[in-house]
Amino acid sequence: MAFARTSAITLLLFVPALALGARWGKPEAMGLVTDRAIDEISGLAASRRHPGMFWAHNDSGGGDALHLLDGRGQRQATVATPGAENIDWEDMASFQLDGEDYLLVADTGDNGGIRQSLRLHVFEEPRDLARPATLAWTVHFRWPDGPRDCEAVAVDAVRGEVLLISKKRVPAELFRVRLAAGPDEQVAERIGTLPGIEQPDASDFRRSPTYGRYRAQITGADLSPNGRVLAVLNYRSVHFVVRGADGDWAPGLSDKLPHLALPWLPQAEAIAFSLDGRGLIVASEQLPSPIIRFQVEPEAK
């Protein structure tokens, strides 16, 4: 059933580019990250200026830097990010606005539920990998009803907004803020909640008494290139929220979300669409970090 519904998701992503019946294939190993410079991958985004490569960043304590990875997970460059401290970076997204390429890094982690103000740093995507990244602007915001942890963001540049998903709330909540910076701190707008994400059961706790309870928590997100589908990651699945034809997210939040099951990963925390939308890349926060890929494949006739 999950795969049947996901086939419909695929059609929304690519029609008329692919034939009817296209679906996501089985997950495949793409590469393996073993470099200690990127030992806690928490965010991933497809590069627009370096085709076939991906930008990544570490979790809190992992340095103020962006790392460029090739398709095998090998680090090709590290770029400093002056002006943007990694307090608790948790996700990133690449996007294009007014013909320029950007990377957004979400400083939104809050394990203790104490941060009153959060930041979204927007960098010009580096072209010269020997120079630091240029900070273009920073969006300051807060939640409408008190602190919460957030490890999943996506950028909708066409609508000029950033989508954010809470981590520990059940059900998970979907918010948005304006992508543009302003003189005042924004208050995130709550759009709705993500229904039907399967919560841990007794078997999860038996397998891992310590970490079983975290399996359903949201750890990453990305928006499809056409802006129609939001891919939402937790430790065991990729869920999809499909936007209505009029741009409203409500229809996609009204029923249990279709999903793809992940193979075993030590700690799945980062997800990104490929630039053509035909691939979904997932990475782990622990070394060695497998990088897996789901690809769209046409259904055999």
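The values are calculated or read from the model by the stated rules, or taken from the named source; none is laboratory data. Remember, it's a predicted structure, so these values are computed and weren't measured experimentally. Cβ: placed from backbone, ideal geometry, glycine included. Neighbour counts: every protein chain shown. Quick note on the areas: whole protein, heavy atoms, side chains included, nothing else; ligands and nucleic acids left out. Shrake-Rupley method; radii C 1.70, N 1.55, O 1.52, S 1.80 Å.
Descriptive notes on the structure:
- When residues of region 199-214 are limited to those that are surrounded by 15 or more Cβ atoms within 10 Å (Cβ to Cβ) and at pLDDT 70 or above, the one farthest from Leu253 (Cα to Cα): Asp204
- Members of region 139-181 that are touching a residue at least 40 places away in the same chain (Cβ under 8 Å), part of a loop (DSSP other than H, G, I, E, B) and not charged (D, E, K, R): Trp143, Pro144, Ala157, Val158, Val170, Ala172, Leu179, Ala180, Ala181
- Residue list for region 142-171, filter: open to solvent by 10 Å² or more (accessible area, probe 1.4 Å), of a type in the set (Gly, Ala, Ser) and either over 15 Å from Asp110 (Cα atoms) or in contact with a strand residue (DSSP E or B) (Cβ under 9 Å, 6 or more places away or on another chain) (or both): Ala157, Gly160
- Lone unmet requirement of (1) at pLDDT 90 or above; (2) assigned to a loop (DSSP other than H, G, I, E, B) for Ala231: (2)
- Checked against the criteria, Gln217 counts as of a type in the set (S, T, N, Q), within 14 Å of the chain's Cα centre (by Cα) and open to solvent by 20 Å² or more (accessible area, probe 1.4 Å).
- Within region 177-197, the set of residues being over 15 Å from Arg148 (Cβ atoms), more than 19 Å from the chain's Cα centre (by Cα) and open to solvent by 30 Å² or more (accessible area, probe 1.4 Å) comprises Ala180, Ala181, Gly182, Pro183, Asp184, Glu185, Gly196.
- Answer from Leu135, Leu174 - the residue that is surrounded by fewer than 20 Cβ atoms within 10 Å (Cβ to Cβ), at negative phi and in contact with a Ser or Thr (Cβ under 8 Å, 6 or more places away or on another chain): Leu135
- Checking every residue in region 241-250 against the condition of being buried (at least 17 other Cβ atoms within 10 Å of the Cβ), β-branched (Val, Ile, Thr) and under 12 Å from the mean Cα position of the chain (by Cα) gives zero matches.
- Residue check for Ile114: open to solvent by 20 Å² or more (accessible area, probe 1.4 Å), closer than 18 Å to Glu90 by Cβ and not in a strand (DSSP E or B): yes
- Residue in region 51-70 that is assigned to a loop (DSSP other than H, G, I, E, B), more than 23 Å from Ala180 (Cβ to Cβ), open to solvent by 30 Å² or more (accessible area, probe 1.4 Å) and in contact (Cβ under 8 Å) with a residue 60 or more places away in the chain present: yes
- Residue match in region 221-231 (condition: among the polar types (S, T, N, Q) and in contact with a Lys or Arg (Cβ under 8 Å, 6 or more places away or on another chain)): no
- Matching option when the condition is crowded, with 17+ Cβ neighbours inside 10 Å and either closer than 22 Å to Val177 by Cβ or more than 12 Å from the chain's Cα centre (by Cα) (or both), among Val282, Val238, Val232: Val232
- Options Phe205, Phe273, Phe240; residue that is of a type in the set (Phe, Trp, Tyr) and in contact with an Asp or Glu (Cβ under 9 Å, 6 or more places away or on another chain): Phe273
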